[in-house]
1. Look at the range 157-208 and say how many of its residues are surrounded by 15 or more Cβ atoms within 10 Å (Cβ to Cβ), of a type in the set (V, I, T) and closer than 22 Å to H42 by Cβ.
2. Give the range 44-99 a look and list any residue that's in contact with a Phe, Trp or Tyr (Cβ under 9 Å, 6 or more places away or on another chain), hydrophobic (A, V, I, L, M, F, W, C) and part of a loop (DSSP other than H, G, I, E, B), or say none.
3. Give the residue, chosen from G68, G81, that is over 19 Å from I21 (Cβ atoms), open to solvent by less than 30 Å² (accessible area, probe 1.4 Å) and over 28 Å from the mean Cα position of the chain (by Cα).
4. Given the criteria open to solvent by 30 Å² or more (accessible area, probe 1.4 Å) and of a type in the set (S, T, N, Q), does S310 qualify?
5. What are the pairs, 6+ residues apart or on separate chains, where a residue within the range 369-398 that is closer than 12 Å to F170 by Cα has its Cβ under 7 Å from a residue that is open to solvent by 50 Å² or more (accessible area, probe 1.4 Å)?
6. Taking the range 13-48 as the region of interest, how many residues are at pLDDT 95 or above and acidic (D, E)?
7. Test of understanding: among F110, F115, which residue is open to solvent by less than 30 Å² (accessible area, probe 1.4 Å) and in a loop (DSSP other than H, G, I, E, B)?
8. Which of the following residues is in contact with a Gly (Cβ under 8 Å, 6 or more places away or on another chain), farther than 20 Å from K357 by Cα and either of a type in the set (V, I, T) or modelled with pLDDT under 95 (or both): T242, T252?
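The values are calculated or read from the model by the stated rules, or taken from the named source; none is laboratory data. It should be emphasised that the depicted structure is a prediction, and the values quoted were computed from it without experimental measurement. Using ideal geometry, Cβ is built from the backbone for each residue, glycine included, and neighbour counts are taken over all protein chains shown. These accessible areas exclude ligands, DNA and RNA; they are computed on the full protein's heavy atoms, side chains included. Shrake-Rupley method; radii C 1.70, N 1.55, O 1.52, S 1.80 Å.
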Amino acid sequence: MKKGWQAKKLGEVCSFLNRGISPSYLDDGGICVLNQKCIRHHRVSYEPSRRHDVRAKKVGNERLIQAGDVLVNSTGTGTLGRVAQLREAPLEPTTVDSHVTIVRPTPGKFHSEFFGYMLIVIEDAIKEAGEGCGGQTELARSVLAEKFSVHYPESLPEQQRIVGILDEAFEGLARAKANAEKNLQNARALFESHLQSVFTRRPDEVPLLELASEITDGDHSPPPKAPTGVPFITISDIVKRTREVDFSNTFTVPAEYFRKLKPNKKPRVGDILYTVTGATLGIPVLVKEQRDFCFQRHIGLVRPKPVTDSAWLTYALLSPQVFRQATIGSTGAAQKTVSLSVLRGLKVPKLALPQQKRIAAQLDSIAEETQRLECVYQQKLTAVNELKMSLLHQAFNGEL
């Protein structure tokens, strides 16, 4: 370890390390309570906060958060381990709920912002500790206090110097990340705008059924599962962004079950799968390769006629104009569903096959370029995050 640096357990350098309260919630009044949703991207947001009735349960002063405190999400898959520091004091008395731990540094031991960076460095280790054996999603106070070691220079001016370097670097990285995210949005918007312009409402629209030889859905009976056999896909296996089927986690059904299915329940090249239920409603997936698989009733199958280009019809189903029809026609209170009758009646343009092919080729080209740009900007976002963590590790190894 570099001369002048210390290594301590986290609990040894804190004046307070404990969970928040179990709130009695109010619509108005009381005091502000932060929850796990408030802690994201190393920032504290007050927007998702709620109100606690202090008449029902008092809140001790030690649980009122203050500038310099670090908040650590301590329960939940996907949220556990997130950390964020309060660089400024709350505008009103504020606490956290019992799913969040307040980590308060010992007065005088740290330059305030250095303490925040110090916990970001161990964030990944905190996440792993909570996701340990048996699918555990709780992080005990004692584990947080005793399992994790932190490294820091004893000199407060040295801590301040490191914070200055990190603040300046992270400000630049934040700008680079914002630019990459904006460019990513623009790339997606370009494709969506072109897709909408191509499928503007036309007078010569016809029901989808006129362009298809089959429109059906999957088996309504629960399928028999088998350790090996033919993949059975559900809507959770449909990847919304890429409009593809992810076969990596599908369960399988016996080959005999698949063999007995009607031909219109067995997808083939050129068919279009269409999700008809829930939050993933309205995703068309073109079947591009021949492989045996079957699907649940929450997925529709559209088998285009020979006079209909499959790629063009996939784009038509993806267009905002057709998607709007599907959502308007969907029914159900808890979970919206597009019935087969609604699916068959969706209005799509009626075009000659050569024109369909030209449009599909144009959209294929734009989609390919969009995906290329998305890949570039995603790589930039990944590089920004990796550089950020690299700088942090350099800082806390005494290399800055």
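1. 2
2. Passing the criteria: only L91.
3. It is G68.
4. no
5. V384/K177
6. So the answer is 0.
7. On inspection, the qualifying residue turns out to be F110.
8. Exactly one residue qualifies, and that residue is T252.
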